[in-house]
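S.K.: Here's a structure for you.
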Amino acid sequence: MEVDVKSVIFLVLFILIGIVLLSPIAGYVNLVTTPTIKVGNTTEANPQYVGSSNATLVDLVPLFYILVLIVVPAVIAYKMYRD
């Protein structure tokens with residue numbers, strides 16, 4: 001069995017970049033799904049709030065992002081193993 005070095009490097013970079021970007025994505029999702037934000041000692045309405053009905057859908061973005069981080073390397077590893 002011969003290992004394709006390009007695929008292994010791609011997998012490592014894909015997972016590494018994906019993990020690094022997970023925190024900003026989750027933070028932004030948290031920002032747009034929170035109706036109020038704290039500014040100093042006051043609480044103000046969040047101008048970037050997506051609304052209560054859309055917040056449920058936007059909350060799923062990190063979950064699907066994690067699923068992509070799991071599925072893509074698994075498929076590529078399976079193709080490497082099969083060959």
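S.K.: Let me spell it out: the conditions are (1) among the aromatic types (F, W, Y); (2) within 20 Å of I9 (Cα to Cα); (3) surrounded by 11 or more Cβ atoms within 10 Å (Cβ to Cβ), and Y65 meets all of them except one. Which number is the exception?
M.R.: Condition (2) is where Y65 drops out.
S.K.: Still on this structure, please answer the following. Scan the range 65-78 and report the pairs whose first residue is more than 18 Å from G27 (Cα to Cα) and hydroxyl-bearing (S, T, Y) and whose second residue is in a helix (DSSP H, G or I) and modelled with pLDDT of 95 or more, with Cβ atoms within less than 6 Å and a gap of 6+ or a chain change.
M.R.: From residues that are more than 18 Å from G27 (Cα to Cα) and hydroxyl-bearing (S, T, Y), there are no pairs.
S.K.: Return the residue satisfying two criteria in turn: it lies in the range 1-51 and is exposed (fewer than 14 other Cβ atoms within 10 Å of the Cβ) and small (G, A, S), and of such residues it is farthest from V61 (Cα to Cα).
M.R.: If we take residues in the range 1-51 being exposed (fewer than 14 other Cβ atoms within 10 Å of the Cβ) and small (G, A, S), then G40 is farthest from V61 (Cα to Cα).
S.K.: Another question, if that's okay. Would you call K79 surrounded by 11 or more Cβ atoms within 10 Å (Cβ to Cβ), on the phi < 0 side of the Ramachandran plot and not hydrophobic (A, V, I, L, M, F, W, C)?
M.R.: For K79, the condition - surrounded by 11 or more Cβ atoms within 10 Å (Cβ to Cβ), on the phi < 0 side of the Ramachandran plot and not hydrophobic (A, V, I, L, M, F, W, C) - is met.
S.K.: OK, next. So for the range 28-35 (the condition being modelled with pLDDT under 95, at negative phi and over 21 Å from the mean Cα position of the chain (by Cα)), does at least one residue qualify?
M.R.: Scanning the range 28-35, I find at least one residue that is modelled with pLDDT under 95, at negative phi and over 21 Å from the mean Cα position of the chain (by Cα), so the answer is yes.
S.K.: Follow-up question, since we're still on this one. Could you check, for the range 36-51, whether at least one of its residues is in a helix (DSSP H, G or I) and of a type outside the set (D, E, K, R)?
M.R.: No - not one qualifying residue is present in the range 36-51.
S.K.: Would you mind stating whether S7 is modelled with pLDDT of 95 or more, in a helix (DSSP H, G or I), on the phi < 0 side of the Ramachandran plot and among the polar types (S, T, N, Q)?
M.R.: Spelling it out, it is not the case that S7 is modelled with pLDDT of 95 or more, in a helix (DSSP H, G or I), on the phi < 0 side of the Ramachandran plot and among the polar types (S, T, N, Q).
S.K.: Quickly run through the range 52-64 and pick out the residues that are assigned to a helix (DSSP H, G or I), free of Cβ contacts under 8 Å to residues at least 12 places away in the same chain and within 19 Å of the chain's Cα centre (by Cα).
M.R.: Residues satisfying the conditions are N54, T56, L57, L63, F64.
The values are calculated or read from the model by the stated rules, or taken from the named source; none is laboratory data. What you see is a predicted model, and the numbers here were worked out from it, not measured in a lab. Counting neighbours? That spans all protein chains shown, and the Cβs are built from the backbone with ideal geometry, glycine included.
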